[in-house]
Amino acid sequence: MTTKEYESYYVPAQSKWPIIGAIALFLIAVGAGNYVANLNDPESVGGGWILLAGIALIIYMMFGWFNNVITESMSGKYSHQMDNSFRQGMSWFIFSEVMFFAAFFGALLYARTFSVPWLDGAGNNAATAAILWPDFTATWPLIKTPDGTETTAMGWYGLPLINTILLLTSSITAHFAHVALEQEKRGLLKFWLGLTVVLGITFLYCQGLEYAHGYADEMKLYLDSGIYGNTFYMLTGFHGMHVTLGTIMLLVMFIRVLKGHFTPKNHFAFQAASWYWHFVDVVWVILFVFVYIV
Amino acid sequence: MTTDAINDQPEHDSHDGEHHDHKMTGLKRWLYTTNHKDIGSMYLWFSFIMFLTGGVMALVIRAELFQPGLQIIEPDFFNQMTTVHGLIMVFGAIMPAFTGLANWMLPMMVGAPDMALPRLNNWSFWILPFAFAILLSSFFMESGAPNFGWTFYAPLSTTYSNGSTAFFVFAVHIMGISSIMGAINIVVTIMNMRAPGMTYMKMPLFVWTFFITAYLLIAVMPVLAGTVTMVLTDTYFGTSFFDAAGGGDPVMFQHIFWFFGHPEVYIMILPAFGIVSTTIPAFSRKKLFGYSSMVYATASIAFLSFIVWAHHMFTTGMPLFGELFFMYCTMLIAVPTGVKVFNWAATMWRGSISFETPMLFSIAFVILFTIGGFSGLMLAMTPVDFQYHDTYFVVAHFHYVLVTGALFSIFAGAYYWLPKWTGYMYNDTLSKWHFWCSLISVNLLFFPMHFLGLAGMPRRIPDYALQFADFNKWVSIGGFAFGLSQLIFLVLVIKCVKGGEKAPAKPWDGAEGLEWTVPSPAPYHTFETPPKID
């Protein structure tokens with residue numbers, strides 16, 4: 001391949017997977033739209049099924065699409081330049097994910113810095129507080145909203161702290177796995193990668209426990225418990241979804257390692273999953289500080 | 001995941017160096033394609049269809065506003081028209097047209113065999129028609145289409161929204177995914193696929209502007225996704241991000257939305273700068289004046305676009321420091337923009353200018369976009385914005401920027417590259433008709449809106465006071481004339497695709513760039529081996 005002056009860049013021929021993915025997204029959007037729009041109508045069940053069909057189709061697409069990519073990669077079609085395209089593409093994708101979380105962190109900081117104190121008369125809003133919300137006191141976590149909904153704040157010790165330790169550890173084990181891969185120590189690679197997956201699943205289990213705890217009657221911390229509950233569940237929820245996705249990615253990498261894939265030089269997919277995992281970890285640290293501690 | 005043989009994927013070894021023309025036939029070619037030229041064409045056709053769709057909605061609005069009083073449509077339907085017109089023109093017409101141009105031209109301009117991630121490219125395109133199908137389908141729902149304006153301010157889009165908000169939200173999610181994936185492809189193509197020797201500062205300015213635009217897209221489209229998600233949960237799941245009763249704030253919506261919305265404005269104009277920076281030197285037969293200052297000006301505008309968002313919100317209310325900060329930052333944008341306008345004028349200065357249609361649209365762009373820029377400067381001043389806010393002055397401003405700005409640049413680009421795309425010259429007489437009809441009608445359409453706005457006519461209303469009747473009549477006549485003029489373009493493009501005078505590889509003698517080194521029409525695959533750049 002490198003006999004020529006330049007490596008040639010592999011341009012795949014026609015592929016059916018993108019259009020299948022487009023139909024899948026369409027089904028997901030229509031299904032989710034119908035489902036959400038008819039939440040209060042127990043008679044309506046169609047939306048949920050369309051949504052599930054869309055999810056099934058997109059999983060089918062991922063299997064097919066990645067199968068093509070893996071086959072092409074393992075048959076040596078990809079040049080160094082191709083590998084760079086994938087790496088850069090993945091980095092910018094992760095950057096876009098960072099900006100998605102930034103929107104929700106922005107909402108959290110705006111509520112804490114501006115909207116909640118303003119409702120209690122901060123700045124030049126004394127009249128707002130006196131006329132609209134005379135009984136309201138600004139606190140954070142906002143355990144009593146202006147319209148009187150009461151809830152309890154989630155402490156940072158206990159489960160959240162355990163989760164922080166789990167996720168930080170898993171980032172380190174993921175890195176050890178990467179080092180093992182580069183040094184071609186397959187046994188260590190399997191051990192560290194497997195451990196990372198186990199830590200990820202444990203994290204998700206603990207988060208489930210935490211949610212159950214929040215929704216129990218002692219805490220009454222719900223998604224609709226005012227801006228504290230909103231930001232708490234939206235941030236931890238979207239983070240949890242990303243952890244789930246990251247765990248699945250790592251699990252797929254684990255299976256591929258068992259099948260003997262990846263070499264010390266050629267392991268973009270592993271690298272991407274590992275980057276994604278570190279990103280999820282960094283988001284958690286920021287989240288732990290701003291949602292739980294401060 | 002097994003590594004079995006794949007039967008759906010025709011296998012081609014692209015490293016045997018031979019030339020392949022694997023065009024499938026029929027529908028499958030377009031559904032399965034990974035070719036940047038096919039995908040570019042689909043983007044361009046899709047955006048034109050959306051342009052006509054959104055245009056029909058604009059004509060419904062202008063028909064209703066032809067006279068004072070309610071005559072044709074109900075106020076609620078009027079609101080649906082303004083909302084969907086805006087959404088379609090922004091996300092369905094202008095942005096995909098630019099992406100289409102990027103798809104067609106970027107790989108050829110940087111000497112790459114295709115976009116960096118060709119299958120992802122197909123996906124980015126094909127999810128778009130589905131997104132707009134969902135958005136448009138809401139017209140046929142019981143509740144009707146979204147009616148809260150394309151900016152979907154809370155609580156109009158939350159507490160007071162109609163039943164189709166969920167579909168609006170998911171449609172916008174898909175549009176966002178499309179834009180992000182498309183932008184990632186553009187960034188990676190430019191960073192990684194340039195021909196050896198093409199350093200960053202040797203790239204055509206067109207490539208630079210798309211490069212910077214793509215970064216803006218990756219940075220702000222996810223924020224839009226976050227915004228619509230909060231609208232969704234506020235509407236259907238009882239959260240109160242934008243509701244004071246739960247500790248949130250409707251003003252927070254505007255901050256988050258415009259953090260996306262202002263860079264979005266530059267997403268729709270920076271590529272236009274790139275196009276006219278290509279056409280003006282070509283028809284002035286001179287190098288672009290101040291290439292590196294153009295690059296830095298584009299980058300400065302992109303940077304500033306992140307710290308000016310609240311100039312959309314002067315009347316909403318914010319601390320005085322905020323009003324001042326956003327006013328001064330906004331005015332600062334006039335500096336790099338002025339650099340650009342100066343450079344275009346300086347490029348033409350003492351050039352050997354000829355007035356082919358792409359040049360006519362480019363010159364019109366420079367003048368009319370500058371008018372839009374100046375009215376923007378007026379709007380940037382906090383105290384006077386208190387008068388202009390939400391009047392037809394604002395409507396005039398952003399239509400000068402988006403129609404005579406972005407759209408005219410797209411026409412300039414389309415005429416400039418049509419010979420390269422189709423292999424035929426377009427019909428010159430028709431193109432002149434298209435230009436002059438568009439130019440006259442667009443000014444009749446948008447210029448009187450300045451006066452209407454200054455006199456106090458509010459935007460987004462189906463009825464108005466009698467004193468505004470005369471101007472509105474002329475505006476509506478201009479609107480219909482402008483709409484009909486675009487059909488000339490449709491006929492012209494269809495004729496050009498079908499045949500005409502054969503185009504040489506380089507039909508414009510002042511044109512520069514790698515795209516003119518390949519034959520017209522450009523072969524299905526170009527630059528499978530990278531060209532040498534000195």
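The values are calculated or read from the model by the stated rules, or taken from the named source; none is laboratory data. Just so it is clear, the model here is predicted, and its values are computed rather than measured. Cβ sites come from the backbone with ideal geometry, for glycine too, and all protein chains shown count toward neighbours.
For the range A:101-120, check the following and say yes or no: at least one residue is more than 19 Å from residue B:242 (Cα to Cα) and either β-branched (Val, Ile, Thr) or at pLDDT 95 or above (or both).
No, the range A:101-120 contains no residue that is more than 19 Å from residue B:242 (Cα to Cα) and either β-branched (Val, Ile, Thr) or at pLDDT 95 or above (or both).
Let's see how each residue does on (1) within 20 Å of the chain's Cα centre (by Cα); (2) on the phi < 0 side of the Ramachandran plot; (3) assigned by TED's automatic domain parsing to the domain that holds residue A:267; (4) surrounded by fewer than 19 Cβ atoms within 10 Å (Cβ to Cβ):
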| site | (1), (2), (3), (4) |
| --- | --- |
| A:26 | no, yes, no, no |
| A:29 | yes, yes, no, no |
| A:34 | no, yes, no, no |
| A:68 | no, yes, no, yes |
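So which residues in the range A:102-115 are within 18 Å of the chain's Cα centre (by Cα) and more than 8 Å from chain B (Cβ to nearest Cβ), if there are any at all?
A:105, A:108
Considering only residues of the range A:71-87 that are surrounded by fewer than 19 Cβ atoms within 10 Å (Cβ to Cβ) and at the interface with another protein chain (Cβ under 7 Å from one of its Cβ atoms), which is nearest to residue A:291 (Cα to Cα)?
Going through the qualifying residues, I end up with A:84.
Please count how many residues of the range B:238-261 are in a helix (DSSP H, G or I) and within 9 Å of chain A (Cβ to nearest Cβ).
Going through the range B:238-261 one residue at a time, the tally reaches 9.
Does residue B:152 qualify as being in a loop (DSSP other than H, G, I, E, B), touching a Leu at 6+ places or on another chain (Cβ under 6 Å) and hydrophobic (A, V, I, L, M, F, W, C)?
Criteria not met by residue B:152.
So residue B:234 passes all but one of these: (1) under 30 Å from residue B:141 (Cα atoms); (2) at the interface with chain A (Cβ under 7 Å from one of its Cβ atoms); (3) buried (at least 23 other Cβ atoms within 10 Å of the Cβ); (4) not β-branched (Val, Ile, Thr). Which condition number does it fail?
Status for residue B:234: all satisfied but (2).
Taking the range B:22-73, which residues are in contact (Cβ under 8 Å) with a residue 40 or more places away in the chain, more than 10 Å from chain A (Cβ to nearest Cβ) and outside any helix (DSSP H, G or I)?
If the condition is that a residue be in contact (Cβ under 8 Å) with a residue 40 or more places away in the chain, more than 10 Å from chain A (Cβ to nearest Cβ) and outside any helix (DSSP H, G or I), then B:65, B:66, B:67, B:68, B:69, B:70, B:73 are the ones that fit.
Given the criterion part of a helix (DSSP H, G or I), crowded, with 20+ Cβ neighbours inside 10 Å and over 17 Å from the mean Cα position of the chain (by Cα), identify the matching residue among A:228, A:276.
Answer to the check: A:228.
If you check residue B:137 against the conditions, is it among the hydroxyl-bearing types (Ser, Thr, Tyr), on the phi < 0 side of the Ramachandran plot and either in contact with a Cys (Cβ under 7 Å, 6 or more places away or on another chain) or facing another protein chain (nearest Cβ under 9 Å) (or both)?
Against the criterion (among the hydroxyl-bearing types (Ser, Thr, Tyr), on the phi < 0 side of the Ramachandran plot and either in contact with a Cys (Cβ under 7 Å, 6 or more places away or on another chain) or facing another protein chain (nearest Cβ under 9 Å) (or both)), residue B:137 qualifies.
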